[in-house]
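Since the structure comes first, as structure tokens, the remarks are kept for the end.
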Amino acid sequence: MKILKYSLDLYPKIELNIYLRFTLVIISFLWLMFNLMPLFPQAFSDFIFLFPYLHIMYSPVCHQELQKLICNEFGCTFLCARCTGIYAGVFIFSVVLLLKTSMPAYAIKYLFIAGIPIIVDVIASSISIYTYSKLAAFITGTIFGSTAFYYFYIGIQNWFFEKKRQVV
Amino acid sequence: MKKFLPSFVSGFGAGVLSVVPVIKTFACCLIIPAAATLSILLYQRAENVDEKIETGKAIFLGVFTGLFAALFATTFEIFITLFTKQNDLIAAFGNMQSMINSFPLDDHLKQEVIDLINMVVTELKTTGFSVIYSFTLLFNNLVINSIFGLAGGVIGLQIINAKYKNR
């Protein structure tokens with residue numbers, strides 16, 4: 001089987017600073033938590049004045065179609081199930097990176113492969129092969145989000161390596 | 001100025017697409033990262049670079065693509081609202097009102113929030129312009145587009161650099 005790792009000779013493993021990794025966790029957590037706030041209005045009652053702003057803030061990121069939002073008895077998320085999945089994937093992977101300090105670089109084609117479930121789900125639900133499922137949308141989003149964040153992390157890892165090489 | 005040109009061109013394109021109905025819902029997720037990747041390709045062409053590009057350069061191009069896209073998108077959005085007196089906030093006001101009313105919170109607090117949005121919506125419907133709305137939109141676009149531009153630059157660079165992996 002073809003070995004799919006590459007470029008480790010050019011960009012050897014380099015550990016990102018714990019503070020930077022922790023910052024990535026905090027940012028992804030806040031982004032996800034703001035989205036989930038309407039599901040728990042009593043817990044965030046002091047921040048309810050932010051809700052209209054958050055609705056606008058998330059609007060360029062997502063279509064925010066009412067029937068595709070994740071809802072409970074109190075309210076609905078600002079983002080649809082798929083976008084919530086994407087950012088949940090980002091958050092989950094950022095937590096994984098807190099524990100696993102460095103990552104090998106895999107070929108970028110896996111990013112496109114991770115996008116296939118989303119495309120299949122969108123097409124299948126659009127042409128009524130099956131009805132739209134928030135769970136399917138969430139899971140496909142999570143797969144893509146975590147993979148995209150992995151490549152973002154690898155990029156940042158490369159950046160630090162380049163900076164270190166320049167200093168040396 | 002030359003170093004900003006690739007970001008300026010792709011940022012302008014992204015800014016235009018960001019105000020086109022339907023397409024604009026993909027503004028952050030797809031258009032801005034794609035524009036950031038395009039700016040790296042434009043930089044490669046303009047500078048005649050045929051080797052791996054450094055991540056720092058991609059971050060620079062990505063962030064500035066996001067910032068230019070935010071400036072253009074906000075300007076276009078403000079002008080469109082000024083002439084049509086219609087925008088997403090006005091369209092979503094009904095939903096927002098019912099969402100806030102459904103929260104199990106103090107009526108006085110809910111009314112204050114609704115009054116604040118109502119003030120902005122009324123201003124937009126009558127004059128087509130609201131300082132609060134314009135500032136919110138600009139701030140929002142600058143922050144979000146620069147973050148997505150950065151991410152797009154970093155990930156897009158790996159797609160572009162993949163062809164140099166054996167060099």
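Under the condition of being aromatic (Phe, Trp, Tyr) and not in a helix (DSSP H, G or I), the residues counted in region B:126-143 number 1.
Only one of B:ILE114, B:ILE80, B:ILE90 is among the β-branched types (Val, Ile, Thr) and within 11 Å of chain A (Cβ to nearest Cβ). Can you tell me which?
Selected residue: B:ILE114, the only one of B:ILE114, B:ILE80, B:ILE90 that is among the β-branched types (Val, Ile, Thr) and within 11 Å of chain A (Cβ to nearest Cβ).
Among the residues making up region A:41-82, those that are more than 7 Å from every other protein chain (Cβ to nearest Cβ), closer than 24 Å to B:GLN111 by Cα and part of a loop (DSSP other than H, G, I, E, B) are A:ALA43, A:PHE44, A:GLN64, A:ASN72, A:GLU73. Selection of region B:109-167 for residues being closer than 27 Å to A:ALA148 by Cβ, buried (at least 17 other Cβ atoms within 10 Å of the Cβ), out of contact with any Cys (no Cβ under 9 Å at 6 or more places or on another chain) and of a type in the set (S, T, N, Q) yields B:ASN140, B:ASN141, B:SER146, B:GLN158, B:ASN161. Among the residues examined, B:GLN97 qualifies as touching a helix residue (DSSP H, G or I) at 6+ places or on another chain (Cβ under 7 Å) and of a type outside the set (Phe, Trp, Tyr).
Here A:ARG21 meets each of (1) surrounded by fewer than 18 Cβ atoms within 10 Å (Cβ to Cβ); (2) assigned to a helix (DSSP H, G or I) with one exception, condition (1). When residues in region B:54-91 are screened for being outside any helix (DSSP H, G or I) and either at pLDDT 90 or above or within 17 Å of B:LEU5 (Cα to Cα) (or both), 1 of them pass.
The values are calculated or read from the model by the stated rules, or taken from the named source; none is laboratory data. Not measured: the values here are computed from a predicted model. Cβ sites come from the backbone with ideal geometry, for glycine too, and all protein chains shown count toward neighbours.
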